[in-house]
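Notes to accompany the following structure.
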Amino acid sequence: MLALPPRRVLAALVLAALAGFALALAMGSVPGVLSALVDSSEDAASSAMVLWQLRLPRALSAFAAGGLLALAGSLLQALLRNPLADAYVLGVSGGAAVGALAALLAGAGLLGMQAGSALGAFVTLAALFLLARRAFFGRLHTAARVAEEASNGVLLTGVMLAAFSAALLSLLLALAPDAQMRSIMFWLLGDLAGATDLRAALAALVVLAALLAAAATQARPLNLLLRGDLQAFVQGVDVRRVRRRLVLVSALATATAVTLAGAVGFVGFVAPHLMRRLAGNDQRVLLPASVLAGGVLVLLADTVARTAMAPLQLPVGVLTALIGVPVFISLVRRL
Amino acid sequence: MNHATIECRGVRLQAGTRLLVDALELRVDAGSRWVVLGPNGAGKSTLLATLAGARRADGGAVLLDGRPIEQWDAQALAAQRALLPDGWLDPFSATVLDTVLTARYRLGGADEHGSRVAGEWLARFDCAALPPRDVRSLSRGERQRVAIATVLTQEAPLLLLDEPIAHQDPRHQALVVDELARLAGHTLVASLHDLNAAVRLATHALLLSGRGGWIAGPAEEVLNAEQLSALFDTRIDRLHTAPGVRFFAVRPPR
């Protein structure tokens, strides 16, 4: 497999992130707001407002949401040893959407919707791991075939949970008053228009950094876990402890991301795949690389989403899918 | 290498409700080479996984260095024993060298010394040209020899090998048996299906009937035509090819 030197990949991704931020801050319906960085006069006050209170929080939120989803996706793919796994496919994003929508219909505000989505994400993940706990935390699978079937079992359970969430969503949508349909639609497709709180954005970045650090401490054992539970255990990995930690990290990452940006799909799926092709499958490189790539992807997608048809804003989830699907298919075709 | 002994005291093994091994008493001393024989489904792989601490015995105790094996933590256990399982997962592509170097985990990861050790074991099992190859492009026989080199790269004194000569052509079958028999400083417990390979490798033998029964002892006492015929429920003759040489021929059933 062609793998580029890890340092070069990570350096390129950091540069791409910086370029993405510059682009996100510069682009928009109000031109020239970057001048507020050097100009502190009265004239620049409105530019400064747009820059610091609108674009920066939104850009940071986009990056954090993308990074969190990519982190959760790459962890779930590694834990299940299946390239199909991510929070979206396993129904976690769907569960979050049900929670948010239920809160909205109950008359809750933005905060209530965010709490509802976090709760929905956690309940779905809890249900997934409860239903599939034997496969996931039970005895070591001493035969390779059994291990494969067990991880398929988790994946199938997740797909079924996603279908169940989709049915619940349709039910709630059928009950929802017409006036709220549009904002519901946007949330379901993933939307960053509400992300204007700088402190919330910074908090999400801190959560991202903490979760990445926590995952990175398990990167070496995770490398071994990829080759089977039995193999990893025999070579000295405390399999159950590593699993427990990483499942918790991916649950927290998904819940934070959906709370921030709604049900953005494909990032958790595409970013790790893209990076695996570029940088190889060493989790010590793959985890930070996926986080950076996921962040850049959502940042760029959101910049396009709010500028392409300005003043109309598109939901960012539509853009990540429109970019993600062709990229992914071209990758799969080259496998 | 410091040598641990492994012991079974009254070990019972079950597959679901089916009794495989009952009240097994076994003491594997440092430096001995045990061969485990028995019909398909007799519990050979189950026994090896149990000895490795990867599954609990359904009764009795497995002691490593006198301490129940479930009390050992994974890292300390990895320094004492390695296991060749009966199959592998290669869900993502990786080079052969990186795959072998996973065995260095307990030693803090791959370093130059680790790469040298891995290279030496790969060469001894006729895999010298394989390190840069993708594991998923290997034939089953090649993949199996890479797995054996991985087990040895872990540098644990006790080796538990589940059918080490599976998938090997005649030349490599002989090579693997010979290399395993020549290992110095290792204790071996290996399941095999080839009786003549077993004779060449074993200092001791354990026969598992798959219905609870077992026979354990020095190879020259246990590996005889009558006991093997009874074990496999088929006629097995000893051929007298040369003085002192035991060579078994299996007759077709019926």
(Q) Just checking the output field for B:80-91: average partner chain Cβ neighbours within 10 Å of each residue's Cβ? (A) 6
Q: Run the dipole for region B:6-223 about the Cα centre, Lys and Arg Cβ at +1, Asp and Glu Cβ at -1, nothing else charged, and hand back the magnitude in debye, nearest 20.
A: 280
Q: Would you mind checking the tilt of helix B:170-182 against the longest principal axis of the Cα atoms of chain B, expressed as 0 to 90 degrees and rounded to 10?
A: 90
Q.
Roughly how far apart, in whole Å, are the Cα centres of region A:1-30 and region B:208-254?
A. 68
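Under the rule a/c < 1.5 gives rounded, and otherwise a/b versus b/c splits prolate from oblate, where does region B:34-118 land using the Cα gyration tensor?
Values: a/c = 2.47, a/b = 1.47, b/c = 1.68.
Note, shape of region B:34-118 comes out oblate.
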Q. Where does each of A:55, A:244 land when they are ranked from fewest to most other beta-carbon atoms within 10 angstrom?
A. A:244, A:55
Q) Relative to the first principal axis of the alpha-carbon coordinates of chain B, what is the inclination of helix B:140-153, with its axis defined by its Cα atoms, in degrees from 0 to 90 and to the nearest 10? A) 80
Q: Hey, can you grab everything whose amide H is under 5 Å from the amide H of residue A:238? Only 5+ residues off in sequence or another chain; H modelled, so Pro and N-termini drop out.
A: none
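Take each uninterrupted DSSP H stretch in chain A, measure its Cα extent along the helix axis, and return the ones at 18 Å or beyond whose mean Kyte-Doolittle hydropathy is at least -0.5. Write down the numbers at each step before the final one.
Values: long enough: A:6-26 (30 Å, 1.78); A:56-80 (36 Å, 1.49); A:92-105 (20 Å, 1.91); A:110-131 (31 Å, 1.87); A:144-175 (47 Å, 1.47); A:198-216 (27 Å, 2.35); A:239-261 (33 Å, 0.86); A:283-307 (36 Å, 1.22); A:316-333 (26 Å, 2.09).
Sorted by number, the helices that extend far enough and score high enough are A:6-26, A:56-80, A:92-105, A:110-131, A:144-175, A:198-216, A:239-261, A:283-307, A:316-333.
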Q. Based on DSSP H runs of at least 4 residues, each adding -39500 (n - 2.57), what is the mean residue ellipticity at 222 nm of the protein assembly as shown after dividing by all its residues, to the nearest 500 deg cm²/dmol?
A. -17500 deg cm²/dmol
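Cut-off is 10 Å between beta-carbons; in what order do A:86, B:65 appear when sorted fewest neighbours first? Write down the numbers at each step before the final one.
Details: A:86 31, B:65 13.
Going from sparsest to densest Cβ surroundings: B:65, A:86.
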Q: Have a look at A:164, A:49, A:30 and report the one farthest towards the positive end of the charge dipole of the protein assembly as shown, computed about the Cα centre with Cβ charges (Lys/Arg +1, Asp/Glu -1).
A: A:164
Q. Just going by the charge dipole of the protein assembly as shown, with Lys and Arg at +1 and Asp and Glu at -1 on Cβ, which of A:254, A:185, B:76 is farthest out on the positive end?
A. B:76
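Taking 25 °C and 0.890 mPa s as the conditions, I'd like the Stokes-Einstein D for the protein assembly as shown in µm²/s, using the Kirkwood hydrodynamic radius from alpha carbon pairs. Mind dumping the intermediate values first?
Working: Rh = 26.6 Å.
Once the numbers are plugged in, D ends up at 92 µm²/s.
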Q) Helix B:112-124 sits at what angle to the longest principal axis of chain B, using alpha carbons and giving 0 to 90 degrees rounded to 10? A) 40
Q) Suppose every K and R has +1 on its Cβ and every D and E has -1 on its Cβ; what is the size of the dipole of chain A about the Cα centre, in Debye to the nearest 20? A) 1340
(Q) Can you bin every Cα-Cα distance in chain A into 20 Å intervals starting at zero and give me the percent of pairs per bin, rounded to whole numbers? (A) 32, 56, 12, 0
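Any read-out appearing in this document is the output of simple, stated calculations on the displayed coordinates, not a laboratory observation. It should be emphasised that the depicted structure is a prediction, and the values quoted were computed from it without experimental measurement. Glycine also receives a Cβ, built like all others from the backbone with ideal geometry; neighbour counts cover every protein chain displayed.
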